[in-house]
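> First, the structure itself, so that you have it in front of you.
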Amino acid sequence: MLTVYSKSNCPFCDKAKALLKQKGIVFEEVRVDQDQEAREFIINAGHRTVPQIYHNGKVFVEGGYQGLARLDDSAFQQLKENINVT
């Protein structure tokens, strides 16, 4: 499962979620401004910004939205296939 750690009023979070939807990627959103445990997880992982995008508990792409936007269509296709399998 792909997990997007985000918060409200975050334009990069909104862009990341919109891009994933556009590419047909199913994801779970976890709001760090509403979930203290998720916030602590992100901080303890060394992140100071959102969005942070994880796949099966590991960072999927460094750089949040900007890292996601650099991926080509084949990376999104592979992600879709992996999500359907896991």
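> Consider segment 1-11. How many of its residues are of a type outside the set (Val, Ile, Thr) and open to solvent by less than 90 Å² (accessible area, probe 1.4 Å)? Explain how you work it out, then say what you get.
Initially, segment 1-11 is screened for residues of a type outside the set (Val, Ile, Thr), giving 1-2, 5-11.
Then drop every residue that is not open to solvent by less than 90 Å² (accessible area, probe 1.4 Å), which leaves 2, 5-6, 8, 10-11.
Of the residues in that region, 6 qualify.
> Still on this structure: Give me the residue from segment 12-34 that is in a loop (DSSP other than H, G, I, E, B) and touching a residue at least 40 places away in the same chain (Cβ under 8 Å) and, out of that set, least open to solvent (accessible area, probe 1.4 Å).
Here is the first cut: in segment 12-34, the ones in a loop (DSSP other than H, G, I, E, B) are 23-26, 32-34.
Narrowing the set further to residues that are touching a residue at least 40 places away in the same chain (Cβ under 8 Å) leaves 23-26.
Values: LYS23: 53, GLY24: 45, ILE25: 8, VAL26: 92 Å².
That would be ILE25.
> Kindly evaluate ASN9 against the criterion of being of a type in the set (S, T, N, Q) and in a loop (DSSP other than H, G, I, E, B).
yes
> Looking only at segment 35-78, which residues are open to solvent by 60 Å² or more (accessible area, probe 1.4 Å), closer than 18 Å to LYS17 by Cα, part of a helix (DSSP H, G or I) and modelled with pLDDT of 95 or more?
Within segment 35-78, just GLN66 meets the criteria.
> Are there any pairs with C-beta distances below 9 angstrom linking a residue in segment 62-74 that is without any contact (Cβ under 8 Å) to a residue 12 or more places away in the chain to a residue that is among the aromatic types (Phe, Trp, Tyr) and loosely packed, with under 15 Cβ neighbours inside 10 Å, with the two at least 6 apart or on different chains, and if so which?
Taking only residues 6 or more apart or on different chains, not a single pair turns up.
The values are calculated or read from the model by the stated rules, or taken from the named source; none is laboratory data. Given the structure is predicted, the values throughout are model-derived calculations rather than measurements. Note that we place each Cβ from the backbone using ideal geometry, even for glycine, and neighbour counts take in every protein chain shown. Side chains are part of the model used for accessible areas, which takes the heavy atoms of the whole protein and leaves out ligands, DNA and RNA. Shrake-Rupley method; radii C 1.70, N 1.55, O 1.52, S 1.80 Å.
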